[in-house]
Amino acid sequence: MVEAAIFDIDGTLVDSVDLHALAWREAFAHFGHDVSFEQARSQIGKGGDKLRLVFLSDAQNRDHGDALEQWRSAHFKKHYLPLVRPFSAVPDLLRRIRDKGLKLGAASSAKQDELEVYLEIAKVGTLFDATTSSSDADQSKPAPDIFEAALHKLGSAPENAIAIGDSPYDAQAAGRLGMRTIGLLSGCFTEQALRDAGCIAVYPGPGALFACLDASPLLAGGGY
């Protein structure tokens, strides 16, 4: 029986994937690396420590990896965070899940201050029973740490919870704990990529999940 729903935030509840990709592309360029928007976008969903390793050599990462990520974080907050908007029906979806008796958790690779802004933007800050950010995990997605921390705070076992995310990295992280994942196409990945990563059902976005909630794996074991 499902007793908890654990949501990713970026690309799942708020429309931020393209903005993050732009910030990463510009951060790499600032430090002399040619990384395209599409290349950066394909890695959004991982923690920054994992993302930068895709494009930097070990020597480059040691030399300026931390500085690059710090520059990106400040650049994103100044130029792009004010542009982040919630997807439709997000508060309605979370309230409906709560009304059905499930606990709600947030498992985000974002830093705590960014997470708080996202929850405020989406108007869902008071709806979660537990939230976790990058500070709660030793390793970021696709490592399972952030979902494990959320499960611990909720007091739920992996088999009794379902993750909801927009990237293969969410499904991979949850799957390593034995937790099932619902995928949303509101990020930048295809349905096939999400299913290949282990998603048991895929919906166009949170609004579609809200519309189909009663038949979804969260409530009825069905799929889309």
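Tell me which residues, restricted to the range 1-51, are under 21 Å from Thr131 (Cβ atoms), of a type in the set (D, E, K, R), assigned to a loop (DSSP other than H, G, I, E, B) and more than 14 Å from the chain's Cα centre (by Cα).
Glu3
Please count how many residues of the range 137-151 are surrounded by fewer than 24 Cβ atoms within 10 Å (Cβ to Cβ) and either among the aliphatic types (A, V, I, L, M) or modelled with pLDDT under 95 (or both).
Quick first cut of the range 137-151, residues surrounded by fewer than 24 Cβ atoms within 10 Å (Cβ to Cβ) only: 137-140, 142-145, 148-149.
From what's left, either among the aliphatic types (A, V, I, L, M) or modelled with pLDDT under 95 (or both): 137-140, 142-143, 149.
Residues in the range 137-151 being surrounded by fewer than 24 Cβ atoms within 10 Å (Cβ to Cβ) and either among the aliphatic types (A, V, I, L, M) or modelled with pLDDT under 95 (or both): 7 in total.
Is the range 89-98 home to any residue that is under 19 Å from Gln43 (Cα atoms) and in a loop (DSSP other than H, G, I, E, B)?
Residues of the range 89-98 under 19 Å from Gln43 (Cα atoms): none.
For the range 89-98, residues under 19 Å from Gln43 (Cα atoms) and in a loop (DSSP other than H, G, I, E, B): absent.
Can you pull out every residue in the range 101-134 that is within 14 Å of the chain's Cα centre (by Cα), free of Cβ contacts under 8 Å to residues at least 60 places away in the same chain and in a strand (DSSP E or B)?
Thr131, Thr132
From the list Tyr169, Tyr224, which residue is outside the structural domain of Pro144 (by TED's automatic domain parsing), more than 19 Å from Leu104 (Cα to Cα) and either modelled with pLDDT of 95 or more or not charged (D, E, K, R) (or both)?
Numbers: Tyr169 fails: outside the structural domain of Pro144 (by TED's automatic domain parsing).
The conditions single out Tyr224.
Return the pairs, sorted by first residue and then second, in which the second residue is among the basic types (Lys, Arg) and at pLDDT 95 or above, the first residue lies in the range 39-55 and is under 16 Å from Phe76 (Cα atoms) and outside the structural domain of Asp166 (by TED's automatic domain parsing), the beta carbons are less than 8 Å apart, and the residues are 6+ apart or on different chains.
Filtered contacts from the range 39-55: Ala40/Arg25; Gly48/Arg72.
From (1) buried (at least 21 other Cβ atoms within 10 Å of the Cβ); (2) in contact with a helix residue (DSSP H, G or I) (Cβ under 7 Å, 6 or more places away or on another chain), pick out the condition that doesn't hold for Leu154.
Answer for Leu154: the failing condition is (2).
For the range 1-40, give me each residue that is buried (at least 20 other Cβ atoms within 10 Å of the Cβ) and on the phi > 0 side of the Ramachandran plot.
Gly11
Determine which single condition Asp138 fails, assuming it passes every other condition in (1) out of contact with any Lys or Arg (no Cβ under 7 Å at 6 or more places or on another chain); (2) touching a residue at least 12 places away in the same chain (Cβ under 8 Å).
(2)
Residue check: is Ala211 surrounded by fewer than 24 Cβ atoms within 10 Å (Cβ to Cβ), farther than 19 Å from Ser88 by Cα and not basic (Lys, Arg)? Before you say what the answer is, go through the steps one by one.
On the way: surrounded by fewer than 24 Cβ atoms within 10 Å (Cβ to Cβ): yes; farther than 19 Å from Ser88 by Cα: no; not basic (Lys, Arg): yes.
Answer is no for this residue.
Only one residue in Ser186, Ser134 is surrounded by 22 or more Cβ atoms within 10 Å (Cβ to Cβ) and of a type in the set (Gly, Ala, Ser). Which one? It would help to see each step written out before you state the result.
Details: Ser134 fails: surrounded by 22 or more Cβ atoms within 10 Å (Cβ to Cβ).
Selected residue: Ser186, the only one of Ser186, Ser134 that is surrounded by 22 or more Cβ atoms within 10 Å (Cβ to Cβ) and of a type in the set (Gly, Ala, Ser).
Of all residues in the range 52-87 being small (Gly, Ala, Ser) and surrounded by 13 or more Cβ atoms within 10 Å (Cβ to Cβ), which is nearest to the chain's Cα centre (by Cα)?
Here the answer is Ser73.
Going by the structure shown, is Trp24 hydrophobic (A, V, I, L, M, F, W, C), touching a strand residue (DSSP E or B) at 6+ places or on another chain (Cβ under 9 Å) and at pLDDT 95 or above?
Working: hydrophobic (A, V, I, L, M, F, W, C): yes; touching a strand residue (DSSP E or B) at 6+ places or on another chain (Cβ under 9 Å): yes; at pLDDT 95 or above: yes.
Yes; evaluated as a whole, the condition is true for this residue.
The values are calculated or read from the model by the stated rules, or taken from the named source; none is laboratory data. If you're wondering where the values come from, they're calculated on a predicted model, not measured in any experiment. Heads up, the Cβs are rebuilt from the backbone with ideal geometry, glycines too, and the neighbour counts pull from every protein chain shown.
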